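To keep things clear, I will list the structure first and then write my remarks on it.
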Amino acid sequence: EGNSKESRGALVVLEGLDRSGKSSQCSRLVSLLERRGISAELWRFPDRTTSVGQMISSYLTNTSELDDHTIHLLFSANRWEKRSLMETKLKTGTTLIVDRYSYSGVAFSSAKGLDMEWCKAPEIGLLAPDLVAYLDISPEKAAERGGYGGERYEKLEFQKKVADCYEVLRDVTWKAVDACQPIEDVEKQLQEIVLDCVTECQKGRPLFSLWS
Ligand code: TMP
Ligand code: MG
């Protein structure tokens, strides 16, 4: 606990259904932080640039088939392979704005029928976000938005199950933002909660692990 009051970057995660607007909001947040002179990076999971990430990508594009447990563990491994870099970045003062994280891992796999506790197990020990902003949109509304891209999970029936699983995962630390509002309004709300979180972490909020 000796260095628990050290200033550090914030681990901010955006979660939500496919087409909820996470990616554009993540970019906007990083631009905002940079304008304010706050060191920030945009990260995303899956990180398709690693060799594990390439296996995930070919699964998502239906180029390969994998057992549900296997792909779950690959998504988790993809976070584990970035864990130490994540910790270094945070401790050296860089805020990470992360497009999806463990909650996507658990929500999407349990939506297939895998046991939720089993899904959480490989995530134990990953860094816990300081803030999870949930972009709240109904599966129907999300599906109306310029269509899905055709990747494996981008189907209304499946997204409904994912929404139910997110609902179970949602805890007191999550901040839900109504993602049906105009993009600038969503942006404004996110800015406020993210800047508060960055300030907390600058003051030296301790870094926790999942799932605590
Ligand atoms: P993306 O569209 O944000 O690149 O994510 C690709 C898909 O992968 C998306 O449908 C959500 C899903 N996913 C999982 O199933 N498990 C995970 O751990 C993550 C990060 C994403
Ligand atoms: Mg996608």
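All of the numbers you see were taken from the coordinates with simple rules; none came from a lab. Small disclaimer: the values here were computed from a predicted structure and weren't measured. Cβ coordinates were reconstructed from backbone atoms using ideal geometry, including for glycine residues, and neighbour counts include every protein chain displayed.
Are any of the pairs K89/K160; K22/K89; K160/K188 more than 25 Å apart by Cα-Cα distance, and if so, which? All intermediate terms of the calculation are to be shown ahead of the outcome.
Values: K89/K160 35 Å; K22/K89 22 Å; K160/K188 27 Å.
The answer is K89/K160; K160/K188.
Taking the DSSP beta bridges with both ends in the chain, the antiparallel portion is around 5 percent. Residue exposure proxy: R205, R83, ordered by other Cβ atoms within 10 angstrom of their Cβ from fewest to most, comes out as R83, R205.
Close amide H contacts of A176 (hydrogens built in the peptide plane, cut-off under 5 Å, sequence separation of 5 or more or a different chain): Y134.
Taking only DSSP H segments of four or more residues, each worth -39500 (n - 2.57), what value at 222 nm results for the chain once the sum is divided by all its residues, to the nearest 500 deg cm²/dmol? List each step's numbers first, then the result.
Values: 8 runs with 102 residues, N = 212.
So the calculated ellipticity at 222 nm is -15000 deg cm²/dmol.
Placing pseudo-labels 7 Å out from each Cα toward the beta carbon at E157 and E6 gives an inter-label distance of 5.1 nm.
What is the distance in Å between the Cα centroid of segment 145-195 and that of segment 57-90? What the calculation gives is 21 Å, centre to centre. Amide H to amide H distances under 5 Å link R44 with D99, where only residues 5 or more positions off or on other chains count and H is placed in the peptide plane. Estimated at 0.36 nm per residue, the fully extended path between R48 and A176 surpasses their Cα-Cα distance by 43.4 nm. Based on the alpha-carbon gyration tensor of segment 112-200 and its eigenvalue square roots a ≥ b ≥ c, which shape applies: rounded if a/c is under 1.5, prolate if not and a/b is larger than b/c, or oblate? Note, shape of segment 112-200 comes out oblate.
In plain terms, the chain from D115 to T199 could stretch by 26.6 nm, reckoned as 0.36 nm per residue minus the Cα-Cα distance. Placing a label point 7 Å from the Cα of W80 along the Cα-to-Cβ line, the residues of segment 94-113 whose backbone N sits under 16 Å from it are 102, 105-106.
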